[in-house]
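The values are calculated or read from the model by the stated rules, or taken from the named source; none is laboratory data. Everything numeric in this text was worked out from a predicted model, so none of it was measured. No Cβ is skipped: glycine too gets one built from the backbone with ideal geometry, and neighbour counts run over all protein chains shown. Note: accessible area is taken over every heavy atom of the protein model, side chains too, but ligands, DNA and RNA are not part of it. Shrake-Rupley method; radii C 1.70, N 1.55, O 1.52, S 1.80 Å.
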Amino acid sequence: MTRYFLYEVSVEGFRGINNVGEPLKFRFNPVTVNSIHAPNGFGKSSVFEAICYAIYGTVPRLQQLPGTEHAEQYVVNRFHPGGVGKVQLVFTPDDSGSNVSVLVTADRQGVRTVSSPSGHPDPDSFLESLREDYALVDYRRFTEFVESSPLARGRSFASLVGLHKYSVVRQALEGLGDPRSLNNHLGIAAVQTEVQQGQRDCEDLTSRLLSAFNACTRQNPSMVGDPSRLISEVTSTLNGVPFLADLLENRPVTELDFIAAERALDEAEGGSDRRGFDILSKTVNALESHEITLDDRESLRALLTSANTRDDALMAAGLLDTRTLLKEALRIVSSTDWPDATLCPVCGSRSAEPIVSHIEEAITVFDVVQDFDAELVKLAKTSPTIAKLRVLEELACLGIPVEERVVGRIDDAIRSGVLATDLVKHIQAYATSVEDKRLGALDKMRQELLAAQASLPPSLVHISRLLSSSKQFCETLEVWETRSRELADKRAGLASLLRWKTFVEAAAATFSQEESRLADERVDEIQAETRSLFSQLMRGGPDVKPSMQRSRGNQQLDIKLEDFYGISDVSARALLSESYRNALAASTFLAAAKSHMGTPRYIILDDVTSSFDAGHQVALMELIRTRLQYAGGSEGLQFIILSHDSMLEKYFDTVNGDRWLHIKLRGLPPQGFMSASSYDADRLRKEAESHLRSGDVLTGGPLVRQYLEYKLGYVISKLAIPVPPDYAHRGDRRMLSTYIKAIRDAVELFRAAGRCVLEPSQLSALDGTHVPALMTNFVSHYETASGSPFDPYVLLGVLQSVDELVECFMYDDGATRRFYRRLDSR
């Protein structure tokens, strides 16, 4: 896989960087450590934020602002006349591929656009591939890693070691596989309740169907079995009665016109007594077939349980008016007119992520209430018990006044979509009352039926009962067949949902197990490296051995200490000082970055040593320079370090050279121009010579001074020339004269001792030509600011004198020119 170094950064009109028409540019070297130093307030963090905005599309610090402060208005420099911020990044591959240039612009409304001057076909996707957690790290990231909760730390660690996508999938699967989530999204509990109610309904219908069959045929089957057999038996029984056989006309009983049959029976027999007997018979059948059974009472208890569950969810959600407010907020932030996806239109605060997800999550709580409402209404609508009560209420023999009837109120609630819990509770007591009335009325109606039967001819009673029973059989059979089909469909649907539930739970468990296993492998991979880096950073301190432990059942990552002054397995967060905690975070980040082969082959560190003491700061820099820095081999990363620390500035100046590129920020942010000066000797000399040959002394002169300062400092560093304390510790006391004086005094000291390794010709040139020329002319001019400007040719001569002075401290080893090791040895 091709990985990319950050080769060049160009910034204009972004945050604290103005630079109208002349972008602030940095060019980094992949095979050296790159450092940028500037005092606080000089735009260093703006550079870091510009890179972050270009790659990630956000400025983390602005994300924390409340919405009323309109963070999008602070992306572009407030003093830039064009009102457009530009950040151009150039990436160079670690193979033989071509450079990729990406230009990101932002306007004052926060609109971000991405293009590729180098012609990359999809610069957005390219930037997305660079979004690795280890690539851009500031002090906040270090502190959060240790201070955050084990779960947040575990997810952050997953991002560090390239498992971010796995972590996201695991969270999604675990959320999807949660029983409550599955029930909310799939409605499994509601379907299960519907199946149970459907089953009880079918059992009740079966009982009624077999009872009607028995009344017709005097047979007692234990189950319905094949309905066509039952139809055949009832038809055969009716065909045994000549009067009914004539009405059937060789058709099954299910095709008999019962209204016409009853009319024919009235005409054949006549008299109101038979009609009265028929009405009493139907009433007794209705009372017998609509008994409120124990199963019916259980279904009413299930209805109340559902209502209580709904009430609990409603109490957790709060006012339903809040849902209306959230819905309106969601409509606003989802519209194309809303300027900032992270800004809440209700409270004005900002979120690190788009606010839509947070609003939708809040609405989901209310949606759960609505789901429970819908489930409760559906249960009531399909309840066989309520259906029985509906029939019983209409029976005149029960004498239930209209104003006391409950089923009508339930029907109104079903139509409104909300069924009150008090009404559900009332149904239970009401059902008991109706059942008591049913039993009393049934005894009375049976007595009246017996009296009516005694007054009619036996044949008329037999035909009436047979016709009534067969009609009840046909009506019940039709309902039974319909409900049986519905129950079969619901069972099939429930089976499908349960198969999906089983699959999701198994997938979540399997994926979580494998993600944990892979994370454990990554922990093991960097554990030793983290400990090694930590021990080097905290060299001289107590033997503290950190250990990362990831929980098997979840994504939590605990940081323990295997040994803390003889105590084992204790919390690192609780016991380590701030410096040690951040050193542990730094060790983890660096070990992870080294092992994780992501697309970015660079790591940018912004003021990560803020809580380190001086010794540990240098230890971290040396660790990067000698062990972690890419130097053209197959391992290592390109490092870009931003710092305001004055002690580190001295270190950067000291190590600046072959394996270190040090850059200083200068200028007047946020209104004025800023520049980046890299103390690269060859670049300084070429630029100085170019300006001087074009006659530009005002620009070329200061570059000559920088070149001389760099070369003298380099000689002092390479030959370990002793310097005064002011030179070593106070950068403001360093002048060209102190550089030259330190060199001259050291040479004189070693020559007086008879140990100077310089050749006679080098000593002669140093004393007689180069030092006097520089001290009496160029150096005194710049330190006193006296005299008229130099002639370009004089300054070109100074450049030559500087190179010749440096040559006085080098020797020929047969293959190349080398610096002496010290003034007394090669």
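Placing a label point 7 Å from the Cα of SER349 along the Cα-to-Cβ direction, the residues of the stretch 60-84 whose backbone N falls under 11 Å from that point are 66-67. Backbone geometry of the stretch 421-438 corresponds, through the Karplus equation with coefficients 6.51, -1.76 and 1.60 at θ = phi - 60°, to 3J(HN,Hα) couplings of 5, 4, 5, 5, 4, 5, 4, 4, 5, 5, 5, 5, 5, 5, 5, 4, 5, 4 Hz, x marking Gly and Pro. Amide H contacts for TYR7 (H built 1.01 Å from N in the peptide plane; partners 5 or more residues away or on another chain; cut-off under 5 Å): VAL90, PHE91, THR92. Working note: 222 nm ellipticity from helices only, DSSP H runs with n ≥ 4, each -39,500 (n - 2.57), summed and divided by the residues of the chain, gives -19000 deg cm²/dmol to the nearest 500.
Annotation: aspartates and glutamates with alpha-carbon distance below 13 angstrom to LYS711 (same-chain offsets under eight excluded): ASP653, ASP680, ASP682, ASP803, GLU804, GLU807. Note on VAL195 and ALA815: the model spin-label points, each 7 Å out from Cα along the C-beta direction, lie 8.2 nm apart. The calculated FRET efficiency for the pair GLU478 and LEU439, based on their C-beta separation and a Förster distance of 25 Å, comes to about 0.35. Label zone of VAL31 (point 7 Å out along Cα→Cβ, amide N under 18 Å): in the stretch 608-641 this covers 625-640. Distance from the alpha carbon centroid of the stretch 496-522 to that of the stretch 235-252 works out to 64 angstrom.
Compute the signed sum of charges (Lys and Arg +1, Asp and Glu -1) over the other residues within less than 12 Å, Cβ to Cβ, of PHE213. Could you put the intermediate results ahead of the total?
Values: positive: ARG208, ARG218, ARG229; negative: GLU233.
Taking every other residue near PHE213 into account, the sum is +2.
Reported to the nearest whole Å, the Cα centre-to-centre distance from the stretch 19-35 to the stretch 588-652 is 17. Which of rounded, prolate or oblate describes the stretch 103-248 when judged by the alpha-carbon gyration tensor and an a/c cut-off of 1.5? Here the stretch 103-248 falls in the prolate category. Separation of the alpha carbons by more than 24 angstrom is noted, of LYS86/LYS650; LYS25/LYS686; LYS25/LYS741; LYS545/LYS594; LYS686/LYS741, for LYS86/LYS650; LYS25/LYS741; LYS686/LYS741.
Taking a ≥ b ≥ c as the square roots of the eigenvalues of the Cα gyration tensor of the stretch 1-151, is the shape rounded (a/c under 1.5), prolate (a/b larger than b/c) or oblate? Taking the square roots of the gyration eigenvalues as a ≥ b ≥ c, the stretch 1-151 is rounded. Protection proxy ranking of 464-473, 529-538, 242-251, 43-52, by the mean of other Cβ atoms within 10 Å over each peptide's residues and highest first, is 43-52, 464-473, 529-538, 242-251. Summing charges over all other residues whose Cβ lies under 14 Å from the Cβ of MET810, with Lys and Arg as +1 and Asp and Glu as -1, gives +1. With respect to the chain, whose longest principal axis is taken over its alpha-carbon atoms, helix 320-334 is tilted by about 50°.
FRET efficiency for the pair GLU147 and ASN99, taken as 1/(1 + (r/R0)^6) with r the Cβ-Cβ distance and R0 = 30 Å, rounds to 0.15. Within a straight-line Cα-Cα reach of under 28 Å, LYS388 can be paired with the following lysines, leaving aside sequence neighbours fewer than 8 residues apart in one chain: LYS282, LYS378, LYS425, LYS437, LYS444, LYS471, LYS490. Summarising the label geometry, the points placed 7 Å from Cα in the beta-carbon direction at LEU668 and GLU635 lie 5.0 nm from one another.
If I stretch the segment between SER496 and SER118 completely, what's the gain in nm (0.36 nm per residue apart, minus their alpha carbon distance), one decimal?
Fully extending the segment from SER496 to SER118 adds 130.8 nm.
What FRET efficiency do you get for ASN40 and MET1 if R0 is 41 Å and r is their Cβ-Cβ distance, rounded to the nearest 0.05? Step by step, r from the Cβ atoms, then E = 0.60. Across the stretch 10-18, rounded Karplus estimates of 3J(HN,Hα) from the backbone phi angles (6.51 cos²θ - 1.76 cosθ + 1.60, θ = phi - 60°) give 10, 10, 8, x, 10, 6, x, 9, 8 Hz, Gly and Pro being marked x. Between LEU176 and ASP524, the simple spin-label model (points 7 angstrom out along Cα→Cβ) gives 2.9 nm.
For the stretch 178-208 versus the stretch 395-450, the spacing of their alpha-carbon centroids is 25 Å.
Solvent exposure of the chain amounts to 47 Å² per residue of accessible area, where only protein heavy atoms count and the probe is 1.4 Å.
Residue ranges 166-174, 639-647, 442-450 sort as 639-647, 166-174, 442-450 when ordered by packing (mean number of other C-beta atoms within 10 Å per residue, highest first).
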